[in-house]
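Student: Questions regarding the structure given below will be posed in turn.
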Amino acid sequence: MSFIPNSIPSLGLVAAAPAAIAASLLSAAPAQAQFIDVQSSDWAATYIEALSQRGIVSGFPDGSFRPNELVTRAQYAAMVDKAFSIAPSRNYEPFGDVRSNFWAAPAIESAYTTGFLSGYPGSEFRPGENIPRVQVLVSLANGLGYEPSNAIADSLGLYQDAGSIPNYATRSIAAATDSELVVNYPNVSQLNPNRRATRAEVAAFIYQALTNQSQVSRLNSPYVARLASAPIANAPVAIPAGTSLAVRYETAEKIYVAPNEPNPVPVTLTTAQAIQTQNGRVLVPTGSEVMGFVQSDDDGAQFFAEQLKLASGEVYNLDASSQVVTSKEVIRRGAGAGRIVRDAAIGAGAAAVISGVTGDRKIEATEVLGGAGAGAIIGVFTGRSKSELFVIDPETDLTLTLASPVTVQ
């Protein structure tokens, strides 16, 4: 039967290994500092140790890693499931040869719904089939949405055996090459696309993909295939002004601020979507922190970003802002503060409004932001029958737009 391009294997034990041993590869046991069969001088040692420390791969009970052992589709699915956090893009269609109680069934479902893996005709997944190198690279390029950034012929021209790349895979292999996912040992010019992938090779491919997502540090390996004229992979890139940045607020469903809040309300948001280049290089990973403040006047409230902190710890100055939020909620005398602020974060001025109008001095919000000055202004609102607050829904109201370009490494 012909192979369906998105269909790829998994990394763990040999296909014939007992399920109990296979499952040990997915255990949360502490990563080993060194495997007995992986020397520090081995070409893949750093890849293997790094993924082991992140819990993406693990070894065998005897302390070995078995870097030259082949990888099955189920094992590869398990590694992808652990390595990447990708939103599902399609519904799961159960495979006839994957039992619901199979050790890798959840990982296979995840790899399928996120687009890393598909199946074969006849609703087969073939979990015990060993995976060729080409299928691993196609899976990573497709699952992570990579596209070629150079002419396909130029990228594939790096390989002396480019003619053996299956037709369905040429575009994805070019994208993987341009994104520096391809690691060829011992000859960087030999892709060996149809040879079954080893545990060491799959670890190297996944590590390179994590590098593009700024999840791990970049390695200066001589076995990474790259065009001589290609730009340096970690060269600084400017994100242009006008770029939109989707963000979310992790700790509250909404934010209350008063008109003319006495002080800026400090808020830290996180990015809801990654910003990446056309060839798939991630510049700002999902989950990066955006630090700034909410300022309000009589007409509305607006978030202003000041700094961007990546998962790697790098911090950049940021000049970005949200649209002006004008949605309001009326706070009335007699309303319970607890009901009003449930699952909310509030500014100091908003806390004063709620306490003064409702008479409830005990504010139990998710967060009181910049609340140190709230007590000093509660009296301003005491005795009022009602007042208004701006209410911000972070998921819909705080999409940011860069006012100035920001250059990231």
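Student: Does at least one position in the stretch 213-220 carry a residue that is surrounded by fewer than 23 Cβ atoms within 10 Å (Cβ to Cβ) and over 21 Å from the mean Cα position of the chain (by Cα)?
Tutor: Yes, the conditions are met somewhere in the stretch 213-220.
Student: I want to confirm something. Restricting to the stretch 184-211 and keeping residues that are of a type in the set (V, I, T) and free of Cβ contacts under 8 Å to residues at least 60 places away in the same chain, which single residue is nearest to P148 (Cα to Cα)? Step through it out loud before you land on a result.
Tutor: As a first pass, look at the stretch 184-211 and keep what is of a type in the set (V, I, T): 188, 198, 202, 206, 211.
Cutting the leftovers down to free of Cβ contacts under 8 Å to residues at least 60 places away in the same chain gives us 188, 211.
Details: V188: 19, T211: 17 Å.
Across the stretch 184-211, the extreme among qualifying residues is T211.
Student: Report, by residue number, each residue of the stretch 159-191 that is outside any helix (DSSP H, G or I) and closer than 18 Å to N220 by Cα. It would help to see each step written out before you state the result.
Tutor: Residues of the stretch 159-191 outside any helix (DSSP H, G or I): 159-161, 165-166, 179-191.
S179, E180, L181, V182, V183, N184, Y185, P186, N187, V188, S189 - these are the residues of the stretch 159-191 that are outside any helix (DSSP H, G or I) and closer than 18 Å to N220 by Cα.
Student: Can I ask one more? Quick test of your reading of the structure: A335 fulfils all but one of (1) modelled with pLDDT under 65; (2) among the hydrophobic types (A, V, I, L, M, F, W, C); (3) not in a loop (DSSP other than H, G, I, E, B). Name the failing condition by number.
Tutor: Just one mismatch for A335, condition (3).
Student: Looking at this structure, is Q190 in contact with an Asp or Glu (Cβ under 9 Å, 6 or more places away or on another chain), surrounded by fewer than 17 Cβ atoms within 10 Å (Cβ to Cβ) and under 24 Å from A45 (Cα atoms)?
Tutor: Details: in contact with an Asp or Glu (Cβ under 9 Å, 6 or more places away or on another chain): yes; surrounded by fewer than 17 Cβ atoms within 10 Å (Cβ to Cβ): yes; under 24 Å from A45 (Cα atoms): yes.
So Q190 fits the description; yes.
Student: Check F116, F95, F65 and return the single one that is outside any helix (DSSP H, G or I) and over 22 Å from F205 (Cα atoms). Let's see the steps before the verdict.
Tutor: On the way: F116 fails: over 22 Å from F205 (Cα atoms); F65 fails: over 22 Å from F205 (Cα atoms).
The unique qualifying residue is F95.
Student: So is G12 surrounded by 15 or more Cβ atoms within 10 Å (Cβ to Cβ), modelled with pLDDT under 90, among the small types (G, A, S) and within 28 Å of G145 (Cα to Cα) or not? Before the answer, list the steps.
Tutor: On the way: surrounded by 15 or more Cβ atoms within 10 Å (Cβ to Cβ): yes; modelled with pLDDT under 90: yes; among the small types (G, A, S): yes; within 28 Å of G145 (Cα to Cα): yes.
Yes: the conditions hold for G12.
Student: Sort through T270, T243, T277 and tell me the only one that's touching a Gly at 6+ places or on another chain (Cβ under 9 Å), among the polar types (S, T, N, Q) and not assigned by TED's automatic domain parsing to the domain that holds A44.
Tutor: After ruling out the rest, the residue left standing is T270.
Student: Could you please tell me which pairs satisfy a Cβ distance under 9 Å, a separation of 6+ or placement on different chains, a first residue in the stretch 239-252 that is without any contact (Cβ under 8 Å) to a residue 12 or more places away in the chain, and a second residue that is surrounded by fewer than 16 Cβ atoms within 10 Å (Cβ to Cβ) and assigned to a loop (DSSP other than H, G, I, E, B)?
Tutor: none
Student: Quick one: A141 ticks every box in (1) surrounded by fewer than 19 Cβ atoms within 10 Å (Cβ to Cβ); (2) within 28 Å of the chain's Cα centre (by Cα); (3) of a type outside the set (D, E, K, R); (4) within 17 Å of L191 (Cβ to Cβ) bar one, so which box is it?
Tutor: All conditions pass for A141, except number (1).
The values are calculated or read from the model by the stated rules, or taken from the named source; none is laboratory data. Just so you know, these numbers come straight off a predicted model, no measurement behind them. In this analysis, Cβ positions are derived from the backbone assuming ideal geometry, glycine residues included, and neighbour counts consider all displayed protein chains.
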